[in-house]
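K.L.:
Here you go, one structure.
Derivation of every value follows stated rules applied to the coordinates shown; laboratory data play no part. Since the structure is predicted, the reported quantities are computational estimates derived from the model, not experimental observations. Methodologically, a virtual Cβ is constructed for each residue, glycine included, from the backbone with ideal geometry; neighbour enumeration extends over all protein chains shown.
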Amino acid sequence: MILKTLQALGPQHGFGIARRIEQVSRDVLQLNEGTVYTSLLRLLQQGWIAAEWGTSDNNRKAKFYSITRRGEKQLAVETENWQRISGVVGRVLRLEGER
């Protein structure tokens, strides 16, 4: 979700990423800061995102994250995997009464 958010919105700071995911999910997904920043660190280590210091909307220093080319490729792989898995789950859930 973080990679997709960065792809859609461009560079964002961690708080902005979390808030956007919460908005899009209509608050079904509630992300705490620890979860977001742990995920961002892992994505940085994988080379799927990059980080750069900047100034937030409220004039505070913040680290802004952006998706890299490697991240774009990984997002495509993960999206394809998710679509395949969700399709399979959907088919299984529609098996009512079949024997």
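K.L.:
Simple spin-label model, 7 Å along Cα-to-Cβ: Arg69 to Asp27 in nm?
P.N.:
Distance between label points: 4.3 nm.
K.L.:
Positive end of the charge dipole of the chain (Lys, Arg +1 and Asp, Glu -1 on Cβ, about the Cα centre): tell me which of Gly71, Val88, Leu6 has its Cα farthest that way.
P.N.:
Positive-most Cα among the choices belongs to Gly71.
K.L.:
Right, another one. For the chain, just say rounded, prolate or oblate: build the C-alpha gyration tensor, square-root its eigenvalues into a ≥ b ≥ c, call rounded for a/c under 1.5, and beyond that prolate if a/b exceeds b/c, oblate if not.
P.N.:
Since a/c reaches 1.5 and a/b is larger than b/c, the shape of the chain is classed as prolate.
K.L.:
While we're on this one: So if we plug the beta-carbon distance of Ala76 and Thr55 into 1/(1 + (r/R0)^6) with R0 = 35 Å, what FRET efficiency do we get, rounded to 0.05?
P.N.:
That pair, Ala76 with Thr55, gives E of 0.65.
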